[in-house]
Every structure is written in structure tokens, then in C-alpha cells.
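The values are calculated or read from the model by the stated rules, or taken from the named source; none is laboratory data. Please read these numbers as outputs of a predicted model, since none were measured by experiment. Glycine also receives a Cβ, built like all others from the backbone with ideal geometry; neighbour counts cover every protein chain displayed.
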Amino acid sequence: MEKNQKVGPSSYSEPLVDNPALVTFFIRHLNFWYGDFNALTDVSLDVRKHAITAFIGPSGCGKSTFLRCLNRMNDLIAGTKVEGTVLFDQADIYGQGVDPVDLRRRVGMIFQQPNPFPQSIYDNVAYGPRLQGIKNKAELDAIVEKSLDKANLWKEVKDILNKNGLALSGGQQQRLCIARVLAVQPEVILMDEPCSAIDPTSVQKIEDLMHEIQDQVTIIIVTHNMQQAARVSDYTSFFLQEVAGEPAILVESGPTSDIFTNPIDQRTEDYITGRFG
Amino acid sequence: MKKTKDQIINDVALSFFWIAAGLTVAALFAIIIYVVVRGIAVVSPTFVFTWPHGVNAEGGIFPTIIASIYVTALSMLIATPIAVLAAVYLAEYAKQGLAVRIIRFAADSLASVPSIVMGLFGFAFFIETLGLPLSMLSAALALSLLMLPIIMRTTEEAIRGVARYIRWGSYGMGATKWQTVSRVVIPAAMPRIITGLILAMGRAIGETAVVFFTMGQAVNLPVIPTDSGRAMPIHLYLLAVEGINIPAAFGTAFMLMGLIFTFNLLARLISKRYKKVD
């Protein structure tokens with residue numbers, strides 16, 4: 001995969017990556033409102049397929065909001081509005097007749113707060129496959145094992161699959177949630193600060209598994225932790241709300257190594273070097 | 001050290017709170033102890049499992065226990081599906097606005113209708129208008145009117161209590177609204193829904209006025225829903241008010257309280273188990 005291509009500040013109308021087949025999300029001039037509040041303005045970005053992209057920026061910079069635009073999770077919040085273009089696999093996800101339910105099956109999501117269902121570990125992971133109508137026990141068993149294994153959790157829970165998912169530690173719960181999403185074989189996983197509420201050992205395991213599944217899934221991770229962005233991601237986008245009450249913008253995007261060592265924009269450099277945020 | 005004025009006010013206020021709390025507990029214990037002391041001597045296997053006989057209703061209260069359980073179970077069967085479906089609709093589907101506020105206000109008003117009025121209505125509507133007999137069915141229908149708002153509001157609260165991020169976990173993997181509601185939200189709310197159901201059962205089994213109007217008073221062992229019968233509270237009332245057999249009245253009261261106490265205990269156990277995993 002070519003990594004040297006620079007993706008500059010947002011205001012593009014032409015494709016930023018030459019080959020559309022390499023692009024999972026093609027976003028142009030995205031604006032987002034919570035009621036009257038314009039939270040994001042004019043965001044344009046290409047998200048590379050089978051790469052790990054990190055969204056960084058200070059609190060309230062709209063990075064989580066932007067993430068939720070990608071699987072239309074914001075639809076669940078009353079009074080929100082989106083303008084602009086978001087193509088997923090070259091199809092407009094805000095187009096007419098698009099079923100957000102179908103989109104969310106292909107674009108799974110992990111949240112900051114681990115949110116297992118108050119059910120057994122097995123039932124948590126089997127939830128998605130069952131929604132799709134898989135009833136065969138052997139088939140479900142195989143999916144559950146494979147998904148938990150991918151999520152680096154199988155060894156810890158293989159003997160307690162009937163235990164309530166809420167009985168696990170926070171870090172294990174988060175890996176359970178990752179296994180639950182992996183079980184429906186999404187093309188993309190959106191992670192909204194998945195490691196901010198869990199123990200370091202589990203953080204390590206989650207970062208490991210991100211690399212292990214990267215060849216099958218495109219991953220976008222929102223993180224407060226710049227070391228984590230530098231460790232795990234191939235590409236990084238820096239979001240910033242410069243003035244409170246004004247919309248946030250996407251300041252700069254590019255290969256992670258460039259963003260962290262040689263940013264174009266002074267604001268990115270200030271943030272990376274810890275001058276604010 | 002001399003106490004300041006604020007400290008004295010604090011102490012006085014605190015002692016009032018203690019007295020108030022103590023009075024509440026004392027009232028409860030006084031009733032329980034009184035009924036237990038006067039009732040327990042009467043209660044025996046014979047009392048529980050045989051029929052009353054003779055002019056003084058000696059013997060047991062078996063048919064009244066069965067009638068009470070029968071009518072409670074039947075009213076639960078009628079009220080639960082309607083109340084739970086209404087609650088799911090209100091909490092998950094209805095557009096929050098005037099209509100929902102009116103439904104909630106109606107439910108709360110229904111819950112505060114005096115039970116004697118509900119009994120009168122049950123008699124006028126189910127028996128006089130619809131022509132149903134004085135029976136388990138009529139009483140269960142009237143009782144279910146009483147239970148509907150209780151179950152509906154507790155279920156609605158239980159469903160609203162399921163955290164948003166748990167729902168999002170389901171939506172975030174491509175579940176529809178109905179799949180999320182039926183497979184995640186309702187199971188997660190179930191312990192609290194069951195708690196509400198059990199509390200409603202406790203209310204129904206102790207209800208006197210409604211069954212008095214709608215069930216009849218004959219000491220029958222009810223088999224089919226159109227059989228009449230005499231529920232425990234009615235038996236108690238008749239024995240006591242006509243002075244027929246005061247010891248048996250206390251025995252009945254003891255059994256009735258035992259049943260309700262068991263329901264409440266069950267409700268607490270279930271909600272406790274729920275909190276452990278929450």
C-alpha cells in the first residue's frame with residue numbers, strides 16, 4: 001500500500017486518492033448540525049481501505065460527531081442534520097432509499113463505554129449472526145469462537161461462555177464488544193475512543209488485534225491519546241474547533257508519520273507538540 | 001461546649017425525622033405482630049387445605065385461597081400483555097408530545113380511581129351491560145383495569161432505564177428498531193418489569209372492593225373462569241363484620257399477608273439480582 005501520498009487540508013472537490021477502489025469513505029464538504037449549532041463545516045477526506053485511520057484533536061472538536069456521520073449513527077439523535085457527500089464504497093450513504101440499518105451492518109461501531117448486552121458472553125457474540133437469521137448451533141459456535149479469538153478474548157472466556165458479559169472486566173467487555181461486531185463481518189469498524197475507559201493490558205490487546213484484523217477490515221479510531229494514534233494508525237486526521245460556538249474543521253490529514261513529524265499546518269504542529277489541547 | 005443555635009435546630013429537626021421514621025416502622029410492625037399473634041394459632045394444614053363448614057365457618061379457607069390466586073393469575077393474564085405493549089409503545093415508538101402526555105395522565109388518573117368506584121364500574125359494565133356472570137372472569141377484568149396503569153408505568157420506567165449506549169451497541173451493528181427493542185431493551189429491562197408485575201399482583205390479591213362487586217360471595221372452588229367464588233379478602237370481611245368467626249378472620253388475614261409478603265420479597269430478590277449485574 002502506498003503511504004507516501006499526502007492528503008492536504010480540506011477543500012477538495014477532486015478525489016484525494018487516485019484510485020477510487022482504494023477508498024472506503026469519500027467525504028466532500030460535509031457540514032453537520034445539532035439543531036441550530038453548526039458542529040462541523042466543510043470536511044473533505046478520503047479514508048483508505050484496509051488501513052487504520054486515526055482522528056485526533058482536543059475535546060469537542062467534532063471528531064466523534066464526524067465518526068458517527070459515517071454509519072449514520074447521528075440519525076438516532078433528534079434534531080441533527082447532515083449536508084455534503086459521503087460515499088461508502090462509491091455509493092452515497094445519505095442517498096434516497098439507503099437503509100441505515102444495512103449500512104450499520106457493514107460499518108460496525110465500538111463505543112467509549114464498553115456496552116455488552118446484559119446477556120451471556122455467547123449470546124452477545126451470537127447476537128449479530130442471529131439477527132441475520134443464522135440458527136444452526138454448530139455454525140454459531142464457530143462464529144463465536146472465531147470472533148472471540150480475533151478479539152484476543154477467546155482464551156480468557158472459553159470456559160465461561162454462559163456467564164453474563166457484564167461480569168467481565170472493563171477491558172474484557174470492550175474486547176467482547178469488538179468480537180460482537182466482528183461476528184457480523186463488517187467492512188469497516190468505527191472505534192470511538194475505545195481505550196479511554198479500560199486497563200493498559202487490554203489496551204495493548206486491542207491495539208494488537210487492530211493490526212491483526214487490518215487486512216480484513218478498515219478501521220477508523222477516534223482517540224484522545226496521541227501516542228496511541230502514532231502507534232496504531234497509518235493515516236491521521238486532525239480536527240479542531242478554533243473558537244467555541246463556531247463549527248469545527250478538519251485541519252489536516254495525511255500519513256501518520258508525516259502528521260507527527262512534519263505537519264503542514266502550524267495548528268497541527270502546535271497540537272502535536274502539546275501547546276494546547 | 002455550648003451548642004450554637006444552628007446545632008440545636010439541627011438536633012430538633014433530626015429528632016423529628018427519627019420520630020417520623022420510627023412511627024412508620026412501628027405502625028407496620030404493630031399491624032404485622034397483631035395479625036401474626038392472633039392469626040398464627042388458627043393456621044394449620046387443616047386451615048389451609050380444607051373447606052369452611054357450619055354456620056360459623058369453621059374448618060379451613062381452602063377455596064378462598066384458590067379463588068384469590070385464580071383471579072389474580074387471570075387478571076395478570078389480561079392486564080400484562082396490554083400494559084406491557086402500551087408501555088413499549090409509549091417508551092420506544094410514540095412521538096413524545098401532547099398525545100403521549102395525555103396517555104400518561106390518563107394512566108395516572110386510572111391508577112388513582114378509588115377501588116370501590118372501579119368495582120362499581122366493573123359491576124355496571126361487565127355484569128349488567130355485558131351480561132357476564134359474577135365470576136372469576138368478571139373480577140379479573142375489573143381487577144385488570146386497576147393493574148393496567150401500575151404495570152404500564154413500571155414497565156415504561158424500566159424500558160426508559162435501559163442505557164442509551166446499550167441500545168447504540170445494537171443499532172451500531174445493524175439491528176433494526178424492533179430487533180433492538182425485542183432482543184436487547186426488553187430483556188435488559190425484564191427484571192424491573194417483573195418487579196412491577198409482582199407488585200401489581202400483590203395489589204390485586206389484596207384488593208377487596210373490586211372483587212366484592214364482581215366475583216360473588218359463594219364459597220366455591222372455581223374451575224372455569226365463569227365460576228363464581230369468594231376471595232380471601234371477602235371471606236375475611238364477612239367473617240369479621242358479621243362477627244361469625246373472628247379467629248378464622250385473623251387466620252385469613254395472616255395467610256393473605258403472608259402471600260403478599262412473599263410477592264414483595266420475590267420482587268426485591270429479583271431487583272437485587274438485577275442490580276448485581278448492572
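Which is more than 13 Å from chain B (Cβ to nearest Cβ) and closer than 19 Å to residue B:175 by Cα, of A:131, A:182, A:140?
A:140
Residue B:142: touching a Phe, Trp or Tyr at 6+ places or on another chain (Cβ under 8 Å), crowded, with 21+ Cβ neighbours inside 10 Å, in a helix (DSSP H, G or I) and aliphatic (A, V, I, L, M), yes or no? Give the derivation first.
Details: touching a Phe, Trp or Tyr at 6+ places or on another chain (Cβ under 8 Å): yes; crowded, with 21+ Cβ neighbours inside 10 Å: yes; in a helix (DSSP H, G or I): yes; aliphatic (A, V, I, L, M): yes.
Considered against the rule, which asks whether it is touching a Phe, Trp or Tyr at 6+ places or on another chain (Cβ under 8 Å), crowded, with 21+ Cβ neighbours inside 10 Å, in a helix (DSSP H, G or I) and aliphatic (A, V, I, L, M), residue B:142 comes out as yes.
Suppose we filter A:161, A:190 for residues that are within 14 Å of chain B (Cβ to nearest Cβ), in contact with a helix residue (DSSP H, G or I) (Cβ under 6 Å, 6 or more places away or on another chain) and either in a loop (DSSP other than H, G, I, E, B) or crowded, with 20+ Cβ neighbours inside 10 Å (or both); which single one remains? Talk me through it step by step, then tell me what you get.
Numbers: A:161 fails: within 14 Å of chain B (Cβ to nearest Cβ).
Just a single option satisfies the conditions, and that option is A:190.
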- request: Could you check how many residues of region A:148-173 are within 16 Å of residue B:170 (Cβ to Cβ) and not aliphatic (A, V, I, L, M)?
  value: 2
task: Considering only region B:147-179, state which residues are assigned to a helix (DSSP H, G or I) and either modelled with pLDDT under 90 or within 11 Å of chain A (Cβ to nearest Cβ) (or both).
output: B:164, B:165, B:166, B:167, B:168, B:169, B:170, B:171, B:177, B:178, B:179
message: Contact list please: Cβ distance under 6 Å, first residue in region B:50-75 and over 20 Å from residue B:241 (Cβ atoms), second residue of a type in the set (S, T, N, Q) and crowded, with 17+ Cβ neighbours inside 10 Å, pairs at least six apart or on different chains.
response: B:75/B:144
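Can you spot a residue in region B:203-222 that is within 14 Å of chain A (Cβ to nearest Cβ), more than 17 Å from the chain's Cα centre (by Cα) and among the aliphatic types (A, V, I, L, M)? Break it down stepwise before answering.
Going residue by residue through region B:203-222, those that are within 14 Å of chain A (Cβ to nearest Cβ) are none.
No, that holds for no residue.
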message: Restricting to region B:171-223, and then to whatever is touching a residue at least 40 places away in the same chain (Cβ under 8 Å) and among the polar types (S, T, N, Q), can you tell me which residue is nearest to residue A:106 (Cα to Cα)?
response: B:195
Subset of region B:23-57 (residues that are surrounded by 11 or more Cβ atoms within 10 Å (Cβ to Cβ), assigned to a loop (DSSP other than H, G, I, E, B) and among the aliphatic types (A, V, I, L, M)): B:41, B:42, B:43, B:57
task: Could you look through region B:226-251, keep only residues that are aliphatic (A, V, I, L, M) and assigned to a loop (DSSP other than H, G, I, E, B), and pick out the one that is nearest to residue B:42 (Cα to Cα)?
output: B:244
message: Quick check on region B:119-132. Is at least one of its residues over 27 Å from residue B:195 (Cβ atoms), β-branched (Val, Ile, Thr), surrounded by fewer than 19 Cβ atoms within 10 Å (Cβ to Cβ) and within 14 Å of chain A (Cβ to nearest Cβ)?
response: no
Residue within region B:214-225 that is out of contact with any strand residue (DSSP E or B) (no Cβ under 7 Å at 6 or more places or on another chain) and in a helix (DSSP H, G or I) present: yes
- line: Residue count, region A:218-255, condition part of a helix (DSSP H, G or I) and either in contact with a Gly (Cβ under 6 Å, 6 or more places away or on another chain) or not β-branched (Val, Ile, Thr) (or both), comes to 6
message: For region A:231-250, give me the residue count where each residue is under 20 Å from residue A:190 (Cβ atoms) and among the small types (Gly, Ala, Ser).
response: 3
message: Give me the residue from region A:63-112 that is without any contact (Cβ under 8 Å) to a residue 12 or more places away in the chain and facing another protein chain (nearest Cβ under 8 Å) and, out of that set, surrounded by the fewest Cβ atoms within 10 Å (Cβ to Cβ).
response: A:102
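Run down B:138, B:144, B:182 and say which single residue is among the hydroxyl-bearing types (Ser, Thr, Tyr) and within 14 Å of chain A (Cβ to nearest Cβ).
Values: B:138 fails: within 14 Å of chain A (Cβ to nearest Cβ); B:144 fails: within 14 Å of chain A (Cβ to nearest Cβ).
It is B:182.
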